[in-house]
Amino acid sequence: RNYYGGNWASFSFSGLLSWIKENQQKTDTSDECEDWKTLILENEEAIFLSKKDKTIQNVEDFCYDDEDSAQDVEEAGALSKLPVFGASEAQRVAEESEKECPPMESTLPEAESREPETGSDTEPASAAEEKDMEVTSESGGPQSTALGDSTLEMGKTEAAPSEISAQEPKRIMYSQIVREGRRFNIDLVSKMLYSRGLLIDLLIKSNVSRYAEFKNATRILAFREGKVEQVPCSRADVFNSRQLTMVEKRMLMKFLTFCLDYEQHPDEYQDYENSTFAQFLRTRKLTPSLQHFILHSIAMVSETDCSTLEGLQATKKFLQCLGRYGNTPFLFPLYGQGEIPQCFCRMCAVFGGIYCLRHSVRCLVVDKASGRCKAIVDHFGQRISANYFIVEDSYLSDSVCANVCYRQISRAVLITDRSVLNTDSEQQVSILTVPPMEVGKPAVCVIELCSSTMTCMKDTYLVHLTCPSTNTAREDLEPAVQKLFNLNTEKETENEELEKPRVLWAVYFNMRDSSGIDRNSYDGLPPNVYVCSGPDSALGNDCAVKQAETIFREMFPTEEFCPPSPNPEDIIYEEDEIAPEESGLSNSPETKPESSAEESSSGDSAAVKKEEEE
């Protein structure tokens, strides 16, 4: 591929259009070197890899505006039509657009943080001064929240709430989307980071967090009786809520308090361990609206498939993540989820790792005697030897995966002109669960992103919809889209449709879910070849972190997984560690002249700093 991250990638708008075209055509990769098979010796055999990516299916895109008007429009400042993504390409343009809503920064604590306390305003630190993870958030007025050693700055909006709410939504044209395409960072996979999840802990521990910035999800929404409404999550939200009666508030707080230490009260749930969580909720004397909020917006679990224990665990996880960095349990990385793999690539590059774009691999070379993989052969006819090989599932051929049964994920991405729930603040990051429309259908998870997440242009919203597949993505997700949005392209629409946000552009696709597959399901893999999956359908990233750690420990059982890395300015390389003959990474036969320890230290430190800045 010519972009980072595989199916975890993010794209500019033009990049996504290129990706759509590529997956609709599904062309095979061609061999640049036809005689590479001669590199396989007599005592070796080849395990051929797939030439075609089959993880993306049923790609359909729709423009709900005049597409011809954008025929001769080019993306502003476009240097290339390659599908690139991330802050490195978009930041220069995006920062200018966000001067109206400057990011408020915070450092995530290295140790366990306290519950939030209200404090006084503080000046945000500059990006160069931040050493840990940065978090931005939005609020109606100035406020700061203490999180251990860190401060979460709440932003100030320029316009008064009355001015914002009175404004009519701007008419956004498709040509504007194309012209401002580099302001978009559109994720292939839609996820959030739990504030006490495995990925946040790993980012802090490994210092990879220094390469990313994050924004709080500002609200949890629910779709009930045809309307979108905000769900009270924290204690303050519950008691300030106008949706709940005083009796419901007490009921909800009592149940949530029980969920936080449900293990200490087994007598209250052990009779329902074989029941679904929805059935258990009905026995707790909760009103239908409270049951709906807990099931779909707090636990975020299936009504039919989730057991009582799974539901209690999910509810406890949600509650434990509240208050660490904001009023919801979730963080979202600025510039999209595709920044996360890039962050790890940046850290890897500082310590000598190499990431090759547009560099395909033809086969694995296996020694017949030992049964171990010795090397790979690339499409240039180059043979590269190694001790361990990690292969993403999509690269494996049909013969290797003959006995593998895959699940599918249905995905949709929409560009809309306003939020599904308008409030005084336009800059909202929202999570919404739409309950199943029919029996046997899954619930749909909706994540709505505003322009201050650096994922879309001003006056638009980027909406991600995800659910486990039962049909094509469009068949699975379009009913939920029609409930929430206006798809009518004609000017004359009913009043009910006018109240809904207008969809400007949409794409639907199915993505393979290869998580949870046992290694023994793959046929004929050598013991030193490890398979990792693509993205799973869960909202969080725990599956990927667990899988990475499991593979690492199988290869290096005595090593620490992702140990804390030193700050770049503190790295000092010894000459014997960077000598070409030992590193094996130099293509030059020349030897480097010797230098003093002081010169070596300062030179390497400067090189590391320069590489990090680039």
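The values are calculated or read from the model by the stated rules, or taken from the named source; none is laboratory data. Model, not experiment: these values are computed from the prediction. Please note: Cβ atoms are built from the backbone with ideal geometry, for glycine as well, and neighbour counts cover all protein chains shown. The protein model used for the area step is the full one, side chains on, heavy atoms only, and it has no ligands, DNA or RNA in it. Shrake-Rupley method; radii C 1.70, N 1.55, O 1.52, S 1.80 Å.
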Please list 3J(HN,Hα) in residue order for region 212-220, calculated via the Karplus relation 6.51 cos²θ - 1.76 cosθ + 1.60 where θ = phi - 60°; whole Hz, with x for glycine and proline. 9, 10, 9, 10, 5, 5, 8, 7, 10
Determine the alpha carbon to alpha carbon distance for each of Lys21/Lys483; Lys368/Lys546; Lys191/Lys317 and list only those over 24 Å. Lys21/Lys483; Lys368/Lys546
Quick one: which residues, 5 or more positions from Phe214 or on another chain, have an amide H under 5 Å from its amide H? H modelled 1.01 Å from N in the peptide plane, none for Pro or chain starts. Glu134, Val135, Thr136, Leu334
Alpha-carbon centroid distance for the pair region 347-411 / region 503-561, whole angstrom: 14 Å
Using amide H atoms built in the peptide plane, which far-off residues or other-chain residues are under 5 Å from Arg502 H to H? Asp417, Arg418, Asn486
Mind computing the radius of gyration and Dmax over the alpha-carbon atoms of region 234-321? Å is fine for both. 12.2, 36
In region 399-495, which GluC sites (Glu not before Pro) fall in coil by DSSP and have 12 or fewer other Cβ atoms within 10 Å? Glu438, Glu490, Glu492, Glu494
May I ask for the percentage of alpha-carbon pairs in region 255-298 that lie more than 12 Å from each other? 63 percent
Under the Karplus curve 6.51 cos²θ - 1.76 cosθ + 1.60, θ = phi - 60°, whole-Hz ³J(HN,Hα) for region 321-331, x wherever Gly or Pro sits: 7, 5, x, 6, 10, x, 8, 10, x, 10, 10
List, in order, the whole-Hz ³J(HN,Hα) value for each residue of region 244-251 obtained from phi through the Karplus relation with A = 6.51, B = -1.76, C = 1.60 and θ = phi - 60°; use x for Gly and Pro. 9, 6, 4, 5, 5, 4, 5, 4
Name the residue farthest towards the positive end of the dipole of region 234-321 from the options His296, Thr276, Ser307, assuming +1 on Cβ of Lys and Arg, -1 on Cβ of Asp and Glu, about the Cα centre. His296
Within region 250-269, backbone nitrogen closer than 17 Å to the virtual label 7 Å beyond the Cα of Lys285 toward Cβ: 250-259, 268-269
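Expressed as a rounded percentage, what relative contact order does region 234-321 have, with Cα pairs under 8 Å and six or more residues apart?
Details: 76 pairs, mean separation 28.4, N = 88.
Reported relative contact order: 32 percent.
What dipole magnitude, in Debye to the nearest 20, does region 234-321 give about its Cα centre under +1 on Lys/Arg Cβ and -1 on Asp/Glu Cβ? Present the calculation step by step, with values, prior to reporting the outcome.
Values: 10 positive and 11 negative charges, 113 e Å.
That gives region 234-321 a dipole magnitude of about 540 debye.
If you place +1 on the Cβ of every Lys and Arg and -1 on the Cβ of every Asp and Glu, how big does the dipole about the Cα centre of region 287-433 come out, in debye to the nearest 20? Mind showing how you got there, number by number?
Values: 13 positive and 12 negative charges, 132 e Å.
The calculation lands at about 640 debye.
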Heavy-atom surface of region 234-321, accessible at 1.4 Å and reported per residue (Å²): 53 Å²
